[in-house]
Amino acid sequence: MTQDELKQAVAREAVLHIVEGAVIGVGSGTTANFFIDELAKVKARIAGAVASSEASAKRLAGHGIQVFDLNDVSDLPVYVDGADEITEQLAMIKGGGGALTREKIVAAAAGKFVCIADASKLVASLGRFPLPVEVIPMARGYVARQLEQLGGQPRERAGFVTDNGNLIIDVSGLSIPDPAGLEERINNVVGVVTNGLFARRPADVLLLGTAQGVRALSRSRA
Ligand code: 5RP
């Protein structure tokens, strides 16, 4: 199976998690795009969607799915999104597409986070994928120096502006034995909007596309 076929398989499986008559949270990226296309086939069963990026909002609207502002939605039972890396504990690095802040907001508001990913995204520990950090433009130099002190090599994503009007610094070379701790530490640097570690609010379910079929992993809640 190709990587796209694996993404399509998990997107199809994720449709089983939609809640009838509810608004659904929808993420960003190529895997999320497959999900949006699957969602279009069952759009009569949902009230609409909240999107984590302008690109996803446009794709949803293109399929005739009503897109809601998160502020107008009081109940969001499910959020479906991809990941750049994910562990068996369901902590993730996200933001390869630069939508990490809105993704983290929609994930925080959602009752259940369903991550959809092909097998290449499953890792023993996070950090091979450069960690995206959304930064207020005037803080770029200061934040980069702080990230260096944490042992990373920061590099500004050239020519990229987020949907929120900010820039992205991608940080390579980080060792991440404690994803939740590092997530908090980086978020505490003044000028950082958020970072792409999703460990304090990890996924609840991972649908992983493998050559043997879709494997489902769940997080046990305390
Ligand atoms: C975008 C994201 C995406 O979920 C992540 O980059 C995975 O993308 P893809 O499904 O294209 O591999 O976090 O900001």
Worksheet item: In the range 143-175, which residues are among the polar types (S, T, N, Q) and in contact with a Pro (Cβ under 6 Å, 6 or more places away or on another chain)?
Response: SER172
Worksheet item: Are there any pairs, at least 6 apart or on different chains, whose C-beta atoms fall under 6 Å, with the first in the range 66-91 and farther than 16 Å from GLY196 by Cβ and within 16 Å of the ligand (Cβ to nearest atom) and the second of a type in the set (D, E, K, R) and at pLDDT 95 or above, and if so, which?
Response: VAL78/LYS112
Item to complete: Scan the range 92-115 and report the pairs whose first residue is over 26 Å from GLY159 (Cβ atoms) and whose second residue is open to solvent by 20 Å² or more (accessible area, probe 1.4 Å), with Cβ atoms within less than 6 Å and a gap of 6+ or a chain change.
Response: ALA107/ARG201; ALA108/ARG201; GLY111/PRO77; VAL114/HIS17
Item to complete: Scan the strands (runs of 3 or more DSSP E) fully inside the range 133-207 and keep the ones with 2 or more residues being within 16 Å of the ligand (Cβ to nearest atom) and either open to solvent by 60 Å² or more (accessible area, probe 1.4 Å) or closer than 30 Å to ILE18 by Cα (or both).
Response: 192-195
Practice prompt. Kindly indicate whether ALA109 is within 14 Å of ARG200 (Cα to Cα) and more than 15 Å from the ligand (Cβ to nearest atom).
Written response: yes
Fill in: Search result, residues across the range 78-100 that are surrounded by fewer than 24 Cβ atoms within 10 Å (Cβ to Cβ) and among the hydroxyl-bearing types (Ser, Thr, Tyr)
THR87
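The values are calculated or read from the model by the stated rules, or taken from the named source; none is laboratory data. Quick caveat, the model's predicted, so the values are computed rather than measured. Note that we place each Cβ from the backbone using ideal geometry, even for glycine, and neighbour counts take in every protein chain shown. What goes into the accessible areas is simple: the full protein's heavy atoms, side chains included, and nothing from ligands, DNA or RNA. Shrake-Rupley method; radii C 1.70, N 1.55, O 1.52, S 1.80 Å.
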